[in-house]
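*Asks:* Following this message is one structure expressed as structure tokens.
The values are calculated or read from the model by the stated rules, or taken from the named source; none is laboratory data. Not measured: the values here are computed from a predicted model. Glycine also receives a Cβ, built like all others from the backbone with ideal geometry; neighbour counts cover every protein chain displayed. For the accessible areas, the whole protein counts, side chains as well, though only heavy atoms, and no ligand, DNA or RNA atoms are used. Shrake-Rupley method; radii C 1.70, N 1.55, O 1.52, S 1.80 Å.
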Amino acid sequence: RTRACARTRAQTMTHASSQDSLALRWCVNASTWNPDDEEFNFILSLLPLREREDVARFKHFADRKRAVLSRLLVRCAILRALASMDGAKNKLRMEDLHVKRTKGAKPFYATSLASARAPNFNFNVSHEGDYVVLASETHAVVGVDVAAPGQVRAIGGNGRAERDVEALLRTFSMTLTDREITAIRAKTVRDGERAGEDLFRRHWSLKEAMVKAIGVGLAMDLRRC
């Protein structure tokens with residue numbers, strides 16, 4: 001029963017976009033999946049040992065669950081791409097897929113998937129709050145970042161996730177351009193802290209998606225993008 005349930009969930013995730021498209025846009029609400037220990041451990045067993053160890057390092061179960069879902073999405077995307085190529089369908093299992101990462105931690109399939117239809121098939125994942133997302137492209141490089149500002153853990157000592165835009169701007173002053181800082185401050189003055197924080201997060205997510213797309217990570221000067 002557990003294995004059948006796990007396979008059904010994986011199949012459901014792949015239905016989030018057209019069966020004929022490898023330009024995928026998948027989003028999973030992790031709060032709707034509440035596995036018991038047997039189901040979670042079975043799904044975890046589908047991953048290579050190194051990735052199982054990475055998942056186990058997360059202290060909170062919600063974080064481990066998001067980490068597993070992001071890895072499942074990656075493998076579902078690869079299987080979708082393989083199934084679209086002649087002769088490849090059903091030849092590999094999820095646990096057989098060898099996923100590596102760039103120096104900037106962008107995941108990629110270690111075996112070439114190049115074809116006339118998808119000469120540069122690549123993908124990226126992100127998770128925060130309830131959401132785990134994946135985007136893929138066949139030609140252009142792709143990066144994705146998801147933000148759930150209402151669900152981030154408290155950063156202050158009082159247990160609340162306070163909105164302090166000036167504190168954010170001080171913390172991230174080396175990653176924002178003067179023009180971006182001015183725009184965020186103006187938005188905050190005009191529409192309040194929540195609106196200012198939302199604009200900050202939009203800028204941050206775009207920058208993070210950019211560096212994730214090219215696979216270099218946050219070592220890049222983010223004021224350039």
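*Asks:* If you check 174, 94, which single one turns out to be farther than 23 Å from residue 212 by Cα and either open to solvent by 20 Å² or more (accessible area, probe 1.4 Å) or modelled with pLDDT under 90 (or both)?
*Replies:* Sole residue among the options that is farther than 23 Å from residue 212 by Cα and either open to solvent by 20 Å² or more (accessible area, probe 1.4 Å) or modelled with pLDDT under 90 (or both): 94.
*Asks:* Ok, one more. Where in segment 1-90 are the helices (runs of 4 or more DSSP H), entirely inside, with at least 2 residues that are modelled with pLDDT under 90?
*Replies:* 2-14, 61-83
*Asks:* For segment 209-218, does any single residue satisfy the condition of being surrounded by 14 or more Cβ atoms within 10 Å (Cβ to Cβ), modelled with pLDDT of 90 or more and charged (D, E, K, R)?
*Replies:* Yes; the residues of segment 209-218 include at least one that is surrounded by 14 or more Cβ atoms within 10 Å (Cβ to Cβ), modelled with pLDDT of 90 or more and charged (D, E, K, R).
*Asks:* Still on this structure, I have one more. Restricting attention to segment 180-200, report how many residues are more than 28 Å from the chain's Cα centre (by Cα), exposed (fewer than 15 other Cβ atoms within 10 Å of the Cβ) and either of a type outside the set (A, V, I, L, M) or closer than 20 Å to residue 148 by Cα (or both).
*Replies:* Residues in segment 180-200 being more than 28 Å from the chain's Cα centre (by Cα), exposed (fewer than 15 other Cβ atoms within 10 Å of the Cβ) and either of a type outside the set (A, V, I, L, M) or closer than 20 Å to residue 148 by Cα (or both): 4 in total.
*Asks:* Follow-up question, since we're still on this one. Considering each residue of segment 124-145, count those that are in contact (Cβ under 8 Å) with a residue 60 or more places away in the chain, open to solvent by less than 50 Å² (accessible area, probe 1.4 Å) and in a loop (DSSP other than H, G, I, E, B), and give that number.
*Replies:* Total satisfying the criteria: 6.
*Asks:* Looking only at segment 170-201, which residues are in contact (Cβ under 8 Å) with a residue 40 or more places away in the chain and assigned to a helix (DSSP H, G or I)?
*Replies:* 197, 198, 201
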